[in-house]
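The structure under discussion appears below in the form of structure tokens.
The values are calculated or read from the model by the stated rules, or taken from the named source; none is laboratory data. Computed from a predicted model, the values in this text were never measured in an experiment. Don't worry about glycine lacking a Cβ; one is built from the backbone with ideal geometry, like all the others, and counts go over all protein chains shown. Just the protein is used for accessible areas: all its heavy atoms, side chains included, with ligands, DNA and RNA removed. Shrake-Rupley method; radii C 1.70, N 1.55, O 1.52, S 1.80 Å.
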Amino acid sequence: MKKIAQKIMTLLLVAALAASSVAYVPAQTASAYTVPSNMKWWARDKFGMFIHFGAYSYYGQGEWAMNEQKISKKKYQTEIAAKFNPTSFNATEIVKYAKQAGMKYIVITAKHHEGFSMWDTKVASFKDYTGTKTFSLQSYTKFGATGRDVLMELKKACDKAGLKFGLYYSIVDWNHSSQNIGGTLSSTMTSMDARAKYITDMKAQLKELVDLYDPAVMWFDGDWSYSAKKPTLENWWTKSDGVDLYRYMKSISPNILVNERVCRSFGLGDFECPERSIPDKSAVPKRPWETCQSMNDAWGYKKSLEKSYFSTGSIIRDLAMVASEGGNYLLNIGPKGNGQMTSGSKKILKGVGKWMKTNSVSIYGVSASPFKKDPSWGTYTRKNKTVYAHVYKWPKNGKLVMKRYKNKKIKKITILGKSKKLKYTIKKNKITVNVPKKAPNTKDTVIVVKYK
Ligand code: FHN
């Protein structure tokens with residue numbers, strides 16, 4: 001994946017540069033942005049779960065295996081997808097872990113680049129390589145005999161637990177008859193007529209997904225076969241296709257939130273989605289945005305990475321850093337082929353949940369840090385007249401120096417979760433707080449400064 005992904009990223013950069021003089025002109029407002037009314041829940045909730053789950057989960061070598069290993073459509077379909085049998089998929093358990101971790105919405109892959117539909121699609125062209133069997137969980141695997149619908153199970157579990165339900169959909173489709181896998185952009189169109197028909201059928205699938213599951217979010221991806229001019233077989237996706245796709249989604253579900261990857265880098269969609277990165281404070285998007293990140297270097301389940309998860313502390317600090325810049329955080333799990341959550345992901349979700357139990361008020365519904373630069377020890381979030389100092393590096397001398405918010409008078413300073421008032425001194429726009437010798441939470445201790 002690395003080579004193709006690098007080429008894709010380069011081309012996206014070129015597209016972004018080409019687009020920089022085009023559509024999206026950053027709002028001429030301050031760094032904060034106004035949140036559209038239909039995004040209020042999203043901007044408030046801040047923290048969601050991403051789930052990469054598909055036939056690739058059975059193979060256990062990541063969601064790009066078909067492309068990386070140049071597996072033919074026939075081999076991938078008959079030897080991998082056909083054997084995918086997620087009988088242990090437990091939506092209630094996944095939602096329980098998500099909710100306990102403090103997550104407020106879930107986005108699961110309905111169809112990833114492999115083109116395997118995770119629902120009982122009736123759109124005729126999404127067939128297997130023989131053109132006879134529908135390439136879906138229901139029709140192409142023995143799991144279909146269970147009569148189960150994993151997307152509906154997750155949707156219902158989310159509804160019951162009060163979490164929003166969203167879907168991921170890949171525009172690129174390595175198994176669809178319109179495309180041949182390969183090329184620098186991972187798939188090439190077989191003809192311009194096939195391209196047109198594929199777009200029509202993609203819209204029909206999206207209509208199915210909206211009608212069946214009423215997702216609050218449609219998270220597009222695989223929009224990188226970009227052409228700045230007319231589409232070609234290699235560069236078969238254009239900005240106007242992206243505009244059209246966004247408008248189509250809004251026409252079939254007016255309140256659905258759609259990410260920018262209908263055709264990225266043009267300011268399209270309702271929110272930007274930096275991947276595995278947190279924008280520098282000097283370059284924060286001037287519209288709603290969400291960083292997506294996984295718990296290790298894999299999105300879809302990779303057996304080889306089951307011992308190499310990121311630390312819970314680094315994930316908590318990323319969550320706080322994203323919130324300090326006014327963004328959302330979409331943290332991924334990659335369930336195993338049988339549908340089970342990995343023990344590594346459960347451990348991290350429990351650890352994040354333990355921190356959120358005390359500190360979630362410093363994340364949900366906060367505004368970005370009121371200060372342009374982060375201190376050396378961490379970052380800030382703010383809610384009205386309360387500033388939360390997220391301290392990653394605890395001062396050795398028991399003195400935490402922080403900035404004063406708008407030279408306001410201070411009501412009290414405490415450690416979040418504790419009532420004891422901390423002593424402090426003020427000198428101009430600096431506050432020096434006397435803190436305990438040891439950090440109450442080595443991952444991120446939150447100091448609360450309540451202003452009058
Ligand atoms: O190619 C995909 C990848 O498999 C994964 O889905 C990530 C998650 O956002 N998006 C693309 C890589 O940028």
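When the Karplus curve 6.51 cos²θ - 1.76 cosθ + 1.60 is applied with θ = phi - 60°, which whole-Hz ³J(HN,Hα) does each residue of the range 262-272 get, with x for Gly and Pro?
Karplus values, whole Hz, x for Gly and Pro: 6, 5, 5, 6, 10, x, 7, x, 8, 8, 7.
What accessible area, in Å² to the nearest ten, does a 1.4 Å probe give for Arg195?
About 30 Å², rounded to the nearest 10.
I want the local charge near Trp119. Using Cβ-Cβ distances under 9 Å, sum +1 for each Lys or Arg and -1 for each Asp or Glu among the other residues.
My count for the surroundings of Trp119 gives -2.
Can you give me the long-range amide H partners of Ser367? Hydrogens built in the peptide plane at 1.01 Å from N, cutoff under 5 Å, separation of 5 or more residues or another chain.
Long-range HN contacts for Ser367: Arg382, Lys383, Asn384.
State the answer as a single residue: which of Gly102, Ala124, Trp224 lies farthest towards the positive end of the charge dipole of the chain, with beta carbon charges of +1 for Lys and Arg and -1 for Asp and Glu, about the Cα centre.
Gly102
Just the number: Rg to Rh for the range 153-248, Cα atoms, Kirkwood Rh, two decimals.
Looking at the range 153-248, the ratio lands at 1.04.
Using modelled amide H (1.01 Å from N, peptide plane; none on Pro or chain starts), what sits under 5 Å from the amide H of Ile108, excluding residues fewer than 5 places away?
Counting only residues 5 or more places away or on other chains, the set is Ile51, Gly166, Leu167, Tyr168.
Between Rg and the Kirkwood Rh of the range 74-178, both from Cα atoms, what is the Rg to Rh ratio?
For the range 74-178, the value is 1.01.
Set Lys and Arg Cβ to +1 and Asp and Glu Cβ to -1, take the dipole of the chain about its Cα centre, and tell me which of Thr78, Ser294, Thr34 lies farthest positive.
Thr34
Cβ under 12 Å from Ile348's Cβ, Ile348 left aside: what net charge do those residues give with Lys, Arg +1 and Asp, Glu -1?
Within the 12 Å Cβ shell, the charges total +4.
Quick one: net charge of Asn328's neighbours, Cβ under 14 Å, K/R +1, D/E -1?
Residues near Asn328 contribute -2 overall.
If I fit a long axis through the Cα atoms of helix 192-213 and take the longest principal axis of the Cα atoms of the chain, what angle between them do I get, 0 to 90°, rounded to 10?
The answer is roughly 60 degrees.
Computed on alpha carbon atoms, what radius of gyration and Dmax characterise the chain, expressed in Å?
23.1, 76
Could you give the Stokes-Einstein D for the range 166-309 in µm² per second, using the C-alpha Kirkwood radius, 20 °C, 1.002 mPa s?
Answer from the Stokes-Einstein relation: 130 µm²/s.
I'd like the Karplus ³J(HN,Hα) series for the range 442-452: coefficients 6.51, -1.76, 1.60, θ = phi - 60°, whole numbers in Hz, and an x wherever there's a Gly or Pro.
5, 7, 5, 8, 9, 9, 9, 10, 8, 9, 6
Using θ = phi - 60° and the Karplus relation 6.51 cos²θ - 1.76 cosθ + 1.60, list the HN-Hα couplings for the range 254-259 in order, rounded to whole Hz, with x at every Gly or Pro.
In residue order, the calculated couplings are x, 9, 5, 9, 10, 7 Hz.
Enumerate the whole-percent occupancy of each 10 Å bin, from 0 to the last occupied one, for all C-alpha pair distances of the range 337-452.
13, 44, 28, 9, 5, 1
5 Å is the cut-off here: which amide hydrogens, built 1.01 Å from N in the peptide plane, fall below it relative to Asn328, excluding neighbours closer than 5 in sequence?
Here Trp289, Glu290, Thr291 satisfy the definition.
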